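The values are calculated or read from the model by the stated rules, or taken from the named source; none is laboratory data. Here the structure is a predicted model, which is why all the values come from computation and not from measurement. Glycine also receives a Cβ, built like all others from the backbone with ideal geometry; neighbour counts cover every protein chain displayed. Note: areas computed on protein heavy atoms with side chains; ligands, DNA, RNA excluded. Shrake-Rupley method; radii C 1.70, N 1.55, O 1.52, S 1.80 Å.
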Amino acid sequence: MPIKPVISIFFILMTTLSSLFSQTILHPNYSLKSHETLNIIKVEARSEATIFYMSIENKIEKGSFCADKNIYIVYPDGKRSKLESSSGIPVCPDTYQFRMPGEKLEFVLTFPPLKKGTEWIDLAEECSDNCFTFYGVSLNNDLNQRIDNAFTLAENDEPVKAIGSFISIAEDVDKGNPGIEGLLYINIIRLAVATGDETKAREWYKKFKLSEAPRLSEYLKYLNDQGIKY
């Protein structure tokens, strides 16, 4: 048998197997984050690593940013997976000095492979000052698409339809994907307040308080800080 076809078949097989054990999540939704202009561009869940592509925009004169070596993926059961490497960003106490407001910095964080079946995680930095966090990062592409569609309704001035869409998602993911409940409840409540539907806002605020959403106290504080409390 000729060698070249064997090599080609092997390469195709390995490429196919690699694709089966990898997934890309573009602009994943999350429940809450610490830094307004810090964003997750995409997550690559590979068989050999989990890679976060991130960006942050500077908003002040002489701004700076760095990433601590103690950054973790936090799983729903509380177990953690530590950062293995980073690129495009200094490790604290070294810092990247922004040249002007509006400048963006893109960087990459690499972690060990995700546990099989992981639907959501927290991304948390442990440091002495101004640490960053993302709570309830959704790693389910289908769920992210549904949430994106709900946000599109809200952005297109269709708040009632958006509320209905968020409620539908919340009812479907209840207890099955609690990490994203914070995002869903917060948006249902905020949209209800914005449309003057105090009854619905109160109803869902009370449901939220009784829910098993992780980081519930953080989410309630976020609403309370905006003057929303029932």
Quick test for you: out of SER165, SER87, SER138, pick the one residue that is in contact with an Asp or Glu (Cβ under 8 Å, 6 or more places away or on another chain) and at pLDDT 95 or above. SER138
Can you find a residue in the range 72-95 that is crowded, with 18+ Cβ neighbours inside 10 Å, in contact with a Pro (Cβ under 8 Å, 6 or more places away or on another chain) and either outside any strand (DSSP E or B) or among the charged types (D, E, K, R) (or both)? no
Are there any pairs with C-beta distances below 6 angstrom linking a residue in the range 42-68 that is of a type in the set (Gly, Ala, Ser) to a residue that is in a loop (DSSP other than H, G, I, E, B) and crowded, with 17+ Cβ neighbours inside 10 Å, with the two at least 6 apart or on different chains, and if so which? ALA45/LEU114; GLY63/PHE98; ALA67/ILE89
In the range 127-169, how many residues are under 15 Å from ASN29 (Cα atoms), open to solvent by less than 10 Å² (accessible area, probe 1.4 Å) and part of a helix (DSSP H, G or I)? 5
How many of the residues in the range 62-71 are at pLDDT 95 or above and not in a strand (DSSP E or B)? 1
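Would you check which residues across the range 172-194 are over 22 Å from the mean Cα position of the chain (by Cα) and open to solvent by 60 Å² or more (accessible area, probe 1.4 Å) and list them?
ALA194
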Check off (1) more than 22 Å from GLU36 (Cα to Cα); (2) touching a residue at least 60 places away in the same chain (Cβ under 8 Å); (3) open to solvent by 30 Å² or more (accessible area, probe 1.4 Å) for PHE111 and give me the number that stays unchecked. (3)
ASP122: touching a residue at least 24 places away in the same chain (Cβ under 8 Å), within 23 Å of LEU32 (Cβ to Cβ) and touching a Gly at 6+ places or on another chain (Cβ under 9 Å), yes or no? yes
Looking at ASN58 and the list (1) in contact with a Leu (Cβ under 9 Å, 6 or more places away or on another chain); (2) open to solvent by 40 Å² or more (accessible area, probe 1.4 Å); (3) among the polar types (S, T, N, Q); (4) within 30 Å of ASN187 (Cα to Cα), which single condition is not satisfied? (2)
Which members of the range 171-185 meet the condition of being in a helix (DSSP H, G or I) and within 26 Å of THR24 (Cβ to Cβ)? ASP172, VAL173, PRO178, GLY179, ILE180, GLU181, GLY182, LEU183, LEU184
Would you please name the residue that is nearest to the chain's Cα centre (by Cα), looking only at residues in the range 34-46 that are modelled with pLDDT under 95 and open to solvent by 50 Å² or more (accessible area, probe 1.4 Å)? SER34
Do any residues in the range 88-104 that are of a type in the set (Ser, Thr, Tyr) have Cβ atoms under 7 Å from those of residues that are outside any loop (DSSP other than H, G, I, E, B) and open to solvent by 60 Å² or more (accessible area, probe 1.4 Å), where the two are at least six apart or on different chains, and which pairs are they? THR95/SER64; TYR96/SER64
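Considering only residues of the range 114-124 that are more than 14 Å from the chain's Cα centre (by Cα) and of a type in the set (D, E, K, R), which is surrounded by the most Cβ atoms within 10 Å (Cβ to Cβ)?
Checking each candidate, the answer is LYS115.
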When the range 195-222 is checked residue by residue, the ones that are assigned to a helix (DSSP H, G or I), open to solvent by 10 Å² or more (accessible area, probe 1.4 Å) and in contact with a strand residue (DSSP E or B) (Cβ under 7 Å, 6 or more places away or on another chain) are GLU218, TYR222
Tell me yes or no: at least one residue of the range 223-230 is of a type in the set (Gly, Ala, Ser) and either in a helix (DSSP H, G or I) or in contact (Cβ under 8 Å) with a residue 12 or more places away in the chain (or both). no
